[in-house]
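Okay, structure first, notes after.
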Ligand SMILES: [Zn+2]
């Protein structure tokens, strides 16, 4: 059974809710870290705390990025342009959309751009 773009719209709506919840939890954790970081008597505790903050900051960025991509995908759906590659304007393979419903790029463009980013 092949997933249709209409079905993926429902998936995107669910993902938006999931990512929003995740982002809120991460922001809450960051807020608590920000106010809670003080001096403790144990250096090891401080190191752990700094490590936790680093992890939170990068997961926060990733969560914001995912949510933005989902919102862009929903906007494209409403404009009737969902599943069109941002880079080359060709249809993105439905199997790729099933795997990552919020991807803005087709596989070959994603590979090409990732390749360029590494140079
Ligand atoms: Zn493309």
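The table for this structure:
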| read-out | value |
| --- | --- |
| Filtered residue count, segment 73-83, keeping only those that are surrounded by fewer than 11 Cβ atoms within 10 Å (Cβ to Cβ) and under 17 Å from residue 14 (Cβ atoms) | 1 |
| Criterion: closer than 19 Å to residue 10 by Cβ, surrounded by 14 or more Cβ atoms within 10 Å (Cβ to Cβ), more than 15 Å from the ligand (Cβ to nearest atom) and within 17 Å of the chain's Cα centre (by Cα) - qualifying residue of 69, 97 | 69 |
| Matching residues, segment 14-35, being closer than 15 Å to residue 70 by Cβ and either in contact with a helix residue (DSSP H, G or I) (Cβ under 7 Å, 6 or more places away or on another chain) or modelled with pLDDT under 90 (or both) | 15, 16, 19, 20, 22, 23 |
| Residues located in segment 72-83, provided they are assigned to a loop (DSSP other than H, G, I, E, B) and within 16 Å of the ligand (Cβ to nearest atom) | 81, 82, 83 |
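Quick grid of which residues meet (1) under 30 Å from residue 25 (Cβ atoms); (2) surrounded by 12 or more Cβ atoms within 10 Å (Cβ to Cβ); (3) more than 16 Å from the ligand (Cβ to nearest atom); (4) at pLDDT 95 or above:
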residue: 56; (1), (2), (3), (4): yes, yes, yes, no
residue: 85; (1), (2), (3), (4): no, yes, no, yes
residue: 109; (1), (2), (3), (4): no, yes, no, yes
residue: 115; (1), (2), (3), (4): no, no, no, no
residue: 119; (1), (2), (3), (4): no, no, yes, no
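The values are calculated or read from the model by the stated rules, or taken from the named source; none is laboratory data. Because the structure is predicted, anything quoted here is derived from the model rather than measured. Note that each Cβ is placed from the backbone with ideal geometry, even for glycine, and that neighbours are counted across all protein chains shown.
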